[in-house]
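Data block below; observations after.
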Amino acid sequence: MIKNIEIQVKDETYERLKRESINYDMDLQSYISMLIEQDYHNIRQNHNYIEEKVKKPLQKILTDLETSNTYHKENSNLFNKVLLLPLRKYNKALSKEFSRIIEYYKSRDLYDEENFYLITDGKRILGYMGLNISEEDAPYGRYIFIYALSLYREYQSIGNLKYIVNFVQSIGRQSQCYSIDILLENSNVTYNQLNDLGFLLFTSTDIIKIKVETDKAEVSICNLKTEATDIEDLGDFLPICRTEPLKSMISQWQSKKEMIEVHRAIYEDEEEIEFIYVREDKSFNKTMYNCFTLFVRPKYLYDDKYIHKVLSVLELIISENIDKYTRSIVVIPRTLNKNSSIYNEDDVLDTLNWLRKNNS
């Protein structure tokens, strides 16, 4: 059945359509009808159809999901495509396992309800993604951080991964974030896959077992002064390496103040060495450790010699204050360890890799 519609267009649009209809040897009405049918056909055949739909209002995504069964029957070639659905729009009960995942990210002050997404094919949940926005001093700046990305392997096609990254880029640009960051170890997507999508290695962090060798000490206790301080006194100090956004790290420590120690250390020698360390109990591979996070003033972040001295002073502090049988670990930049040969590879418990993609 053919239906008639009436539309109003500007004079210049009308004249242009009229000229084009003459070129096609068609009357104006038939020409416009052809354009509409042709445009509809192109949209249906376009391989980016799902991506285009996601750019529409979030409510439209819900409508698509409700009609997904019919859609997949008509478009079997799109069966392995995925959609991102905001968790806050999901109206079904979550499994206990998934609820525990949410609680874990909440406990680390990473979870942002507005930016947590389910990955679905329209019929079942295939994975999830969590985003938040951070703003810090250089070199991090303002960035959108992918703190969680998990997707069934069989759905990790380049098309699906590009769609997910394009989605994140869009959110980042809306929030004036000119970088997209992800910790490789927080995702089940491989380094090569992320690299193909434009992510480059930004920083690497080694988790090192500290071996205190008092007979080889490079520093003297006589030159050392330490005092207890608070998280709020970190002020202008920055961590020498990063495994998650700074605001998340500090929030976690603030929530368990009675379980951590924060000290400021000043070592007077040929030059003054000043740093703050946070000590906390942390389980790693089912073994409990004293975990140390080191903070220095920004101008020393890339001074290998200075941070090497900081580590020597830390060893002195550990030897004087902690039982020698207690295991201790510290996080340090991998480039520092590689350049200075501070520890053997056997002392490295794990390496965490922070990747970045330009979003300008």
Can you tell me which residue is most open to solvent (accessible area, probe 1.4 Å) among those in segment 157-210 that are within 30 Å of Leu294 (Cα to Cα) and hydroxyl-bearing (Ser, Thr, Tyr)? Tyr178
Hits in segment 290-327 (condition: under 26 Å from the mean Cα position of the chain (by Cα) and of a type outside the set (D, E, K, R)): Cys291, Phe292, Thr293, Leu294, Phe295, Val296, Pro298, Tyr300, Leu301, Tyr302
Name the strands (runs of 3 or more DSSP E) wholly inside segment 245-360 in which the number of residues that are polar (S, T, N, Q) and within 22 Å of Tyr147 (Cβ to Cβ) is 1 or more. 272-284, 287-296, 348-358
How do the strands (runs of 3 or more DSSP E) wholly within segment 88-155 filter down when requiring 3 or more residues that are closer than 18 Å to Phe199 by Cβ: which remain? 125-135, 142-151
Would you check which residues across segment 128-156 are of a type in the set (Gly, Ala, Ser), open to solvent by less than 20 Å² (accessible area, probe 1.4 Å) and free of Cβ contacts under 8 Å to residues at least 60 places away in the same chain and list them? Gly130, Ala148
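Going by the conditions given, is Ile250 at pLDDT below 90 and over 28 Å from Leu161 (Cα atoms)?
no
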Reported set for segment 185-212 where residues are in a loop (DSSP other than H, G, I, E, B) and over 17 Å from Leu349 (Cα atoms) is Asn188, Val189, Thr190, Leu197, Gly198, Phe199
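For the subset of segment 292-316 comprising residues that are free of Cβ contacts under 8 Å to residues at least 40 places away in the same chain and within 17 Å of Lys211 (Cβ to Cβ), which member is least open to solvent (accessible area, probe 1.4 Å)?
Among those residues, the one meeting the criterion is Leu311.
The values are calculated or read from the model by the stated rules, or taken from the named source; none is laboratory data. This one's a predicted model, so the numbers in the text were calculated from it and none came from an experiment. Cβ sites come from the backbone with ideal geometry, for glycine too, and all protein chains shown count toward neighbours. The accessibility values were calculated without ligands, DNA or RNA, using every heavy atom of the protein model including side chains. Shrake-Rupley method; radii C 1.70, N 1.55, O 1.52, S 1.80 Å.
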